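Presented below is the structure to which this report refers.
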Amino acid sequence: MTEAAVVSADAVGMRFGGQQAIDNLSFEVHDGEFVAIVGPSGCGKSTTLRIVSGLATATSGTVRAHGSEVMRPLQDAAMVFQAPVLLPWRRTVENILLTAEMRGEPAAAHRERAGKLARLAGLEGFERHYPHELSGGMQQRVSICRALLLDPSLLLMDEPFGALDVMTREKMGFELQRIWTATRNTVLFVTHSISEAILLSDRILVMSPRPGRIKTDIPVALERPRSVETLKDPRFGELAVTVREQIETT
Amino acid sequence: MNRVTKWSATCASAGIILVAWETLVRRFEVPEYLLPPPSAIWQKFWQTLSVQLEEIAFTAATTLTGLLAALVVGVLLALVVTYVEPLRSIVLPAFAAFNGIPKIAIAPLLVTWFGLGAEPKILLAFLLGLFPIFVNAATGLSEIEPDVIDLARLSGGTEFRIFRKVRLMNALPYIADAMKVAFPLALVGAIVGEFIGGNRGIGQLILSGQFNLDTPLVFACLVTITVFTSVGIGAVAVFERVFLGWRLSQRRR
Ligand SMILES: Nc1ncnc2c1ncn2[C@@H]1O[C@H](COP(=O)(O)OP(=O)(O)OP(=O)(O)O)[C@@H](O)[C@H]1O
Ligand SMILES: [Mg+2]
């Protein structure tokens with residue numbers, strides 16, 4: 001392999017006090033890939049994302065981003081959490097612009113792109129609304145736009161649709177696919193939903209129960225764009241069965 | 001209920017109370033030094049207007065100076081406990097203990113130490129205003145979802161940028177709320193200071209009214225103080241409207 005992976009985790013371990021949360025966890029994510037992580041609750045998915053982003057430091061092993069070891073928070077990564085965590089005093093566009101302001105760049109230079117992203121995410125007409133004037137799904141779309149503003153080399157998503165109802169969740173999944181098709185950022189996506197993982201990703205990493213490690217790496221060869229039709233594809237059903245078996249057998 | 005009906009309801013009930021007060025005081029011939037009728041208070045208020053203004057100006061100056069000092073010191077202390085972890089365990093218990101002392105009780109001591117001038121009044125206003133400002137500012141600066149801070153770090157946010165664009169903005173409504181509490185408290189401090197010593201301020205005017213059994217003057221002073229308090233609270237409300245508009249629209253829901 002010539003090109004360095006965007007992320008490579010090598011034998012990563014994490015202890016909290018006496019508890020081993022993650023042990024001997026290794027995987028790679030390549031440029032432009034959409035990789036999903038699934039696994040039982042408490043197996044260390046969120047912890048893995050925090051270590052990859054540099055927000056937390058592993059107690060053993062190494063994580064590299066673009067070939068260099070991650071020692072502090074990555075400066076060109078972005079994170080989307082389960083909760084949208086918008087700033088209540090900022091309107092939609094200003095919330096999206098926060099990323100640029102935090103990097104110390106003038107907001108004005110990014111206003112156009114922020115508006116474009118908002119339209120891409122279906123927020124047209126809501127650019128001047130405050131978070132409390134938006135629905136939960138819309139707030140989460142704002143937080144996705146905020147993460148995409150500076151075209152991050154790595155987008156980390158931790159159950160971004162976990163707080164939404166089933167219908168909105170499915171719609172948001174397809175919307176994320178549409179946005180991603182246009183931007184092609186490298187994505188590491190944690191989810192509890194097997195079908196969401198299959199519909200969105202190129203590859204699914206299944207984690208074992210605690211202490212978490214990567215148990216299986218399942219490629220998803222379904223052609224894009226995927227839609228409601230994909231759900232009826234027999235290969236979708238087979239994949240879903242495989243992933244479920246991998247999660248459930250220890 | 002819309003604003004106009006709310007307003008008229010308030011005015012109407014105030015009017016009813018005043019009329020009832022006036023009628024009852026006259027009907028039972030209550031002596032003026034016990035409870036003057038509103039008309040006498042009103043008359044006194046206009047008669048003594050120039051003295052009133054002069055004295056409230058002194059009181060306002062000491063109150064606002066103390067309040068401003070409380071704002072500066074309170075926010076600085078809040079910054080210290082937010083950013084300097086080791087000092088937190090010293091400052092917070094010290095403050096809790098300090099707040100346990102009824103500050104009014106040390107007012108005579110302040111007069112002993114600082115004399116009869118403006119200083120003990122300013123100091124009392126400062127001491128009374130300090131606690132709510134400090135507590136609210138510290139809460140506003142530190143109670144931020146950790147996810148927000150993580151996000152900011154990942155986009156390259158420095159501590160200073162996070163302070164300016166996240167912590168400070170988060171603290172502003174808390175500080176505005178604190179000002180609404182601290183302002184009347186500082187005024188209490190200033191007036192108590194005037195009661196205890198000196199010959200200036202609305203507190204002294206109240207004392208002279210009481211001494212001369214000029215109860216209408218005492219009530220006229222209360223009217224002046226109420227007007228002053230309303231102006232102060234109104235100023236904070238204007239600040240909120242201009243700078244914290246998002247919050248008002250959030251509350252209205
Ligand atoms: N800051 C921490 N201190 C102590 N233990 C922690 C900390 N963060 C995580 N853990 C522990 O590490 C393990 C993995 O936690 P993590 O949040 O990564 O799980 P997860 O896979 O994201 O779970 P879920 O699917 O429920 O979100 C858990 O057992 C948790 O208790
Ligand atoms: Mg988690």
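The values are calculated or read from the model by the stated rules, or taken from the named source; none is laboratory data. Worth saying up front: this structure is predicted, and the values here are computed from it rather than measured. In this analysis, Cβ positions are derived from the backbone assuming ideal geometry, glycine residues included, and neighbour counts consider all displayed protein chains.
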Please determine whether any residue of region A:192-200 is out of contact with any strand residue (DSSP E or B) (no Cβ under 6 Å at 6 or more places or on another chain), of a type in the set (A, V, I, L, M, F, W, C) and free of Cβ contacts under 8 Å to residues at least 12 places away in the same chain. no
Condition check: within 14 Å of chain B (Cβ to nearest Cβ) and under 19 Å from A:Glu196 (Cβ atoms). Does A:Gln75 satisfy that? no
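Does B:Ile149 count as within 14 Å of chain A (Cβ to nearest Cβ) and in a helix (DSSP H, G or I)? I'd like the intermediate steps shown before the answer.
Values: within 14 Å of chain A (Cβ to nearest Cβ): yes; in a helix (DSSP H, G or I): yes.
Here the answer is yes, as B:Ile149 does meet what is asked.
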Identify, please: which residue in region B:1-52 is assigned to a helix (DSSP H, G or I) and of a type in the set (Ser, Thr, Tyr) and is, among those, farthest from B:Ile206 (Cα to Cα)? B:Thr5
Checklist (1) touching a Ser or Thr at 6+ places or on another chain (Cβ under 8 Å); (2) farther than 21 Å from B:Arg167 by Cβ; (3) within 8 Å of chain B (Cβ to nearest Cβ) applied to A:Ala56, failing item: (3)
State yes or no: is A:Ser41 within 16 Å of ligand 2 (Cβ to nearest atom) and surrounded by fewer than 22 Cβ atoms within 10 Å (Cβ to Cβ)? yes
Over region A:198-238, the set of residues assigned to a helix (DSSP H, G or I) and either surrounded by fewer than 19 Cβ atoms within 10 Å (Cβ to Cβ) or within 16 Å of ligand 2 (Cβ to nearest atom) (or both) is A:Val228, A:Glu229, A:Thr230, A:Leu231, A:Lys232, A:Pro234, A:Arg235, A:Phe236, A:Gly237, A:Glu238
Residue pairs meeting the criteria (Cβ under 9 Å; at least 6 apart or on separate chains; first aliphatic (A, V, I, L, M), in region B:5-18; second not in a helix (DSSP H, G or I)): B:Ala9/B:Met1
Looking at A:Leu148, is it under 12 Å from the mean Cα position of the chain (by Cα), away from chain B (no Cβ under 14 Å) and crowded, with 17+ Cβ neighbours inside 10 Å? no
With respect to A:Val93, is the statement that it is without any contact (Cβ under 8 Å) to a residue 24 or more places away in the chain, buried (at least 16 other Cβ atoms within 10 Å of the Cβ), more than 9 Å from every other protein chain (Cβ to nearest Cβ) and more than 16 Å from ligand 2 (Cβ to nearest atom) true? no
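Do you know which residues across region B:201-236 are of a type in the set (Ser, Thr, Tyr) and within 11 Å of the chain's Cα centre (by Cα)? I'd like the intermediate steps shown before the answer.
Taking region B:201-236 as the starting set, the residues that turn out to be of a type in the set (Ser, Thr, Tyr) are B:208, B:215, B:224, B:226, B:229-230.
Of everything in region B:201-236, those that are of a type in the set (Ser, Thr, Tyr) and within 11 Å of the chain's Cα centre (by Cα) turn out to be B:Thr229, B:Ser230.
Give me the strands (runs of 3 or more DSSP E) completely within region A:1-101, filtered to those with at least 3 residues that are more than 30 Å from B:Asn170 (Cα to Cα) and within 15 Å of ligand 1 (Cβ to nearest atom), ordered by residue number. Steps first, answer last, please.
On the way: elements: A:7-16, A:19-29, A:34-38, A:60-65, A:77-80.
Because the criterion is at least 3 residues that are more than 30 Å from B:Asn170 (Cα to Cα) and within 15 Å of ligand 1 (Cβ to nearest atom), the strands (runs of 3 or more DSSP E) in region A:1-101 that meet it are A:7-16, A:19-29, A:34-38.
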Pick out the one residue from B:Ile144, B:Ile175 that is crowded, with 17+ Cβ neighbours inside 10 Å and either outside any helix (DSSP H, G or I) or within 12 Å of chain A (Cβ to nearest Cβ) (or both). B:Ile144
Given (1) more than 14 Å from every other protein chain (Cβ to nearest Cβ); (2) modelled with pLDDT of 95 or more, number of the condition A:Cys43 does not satisfy: (2)
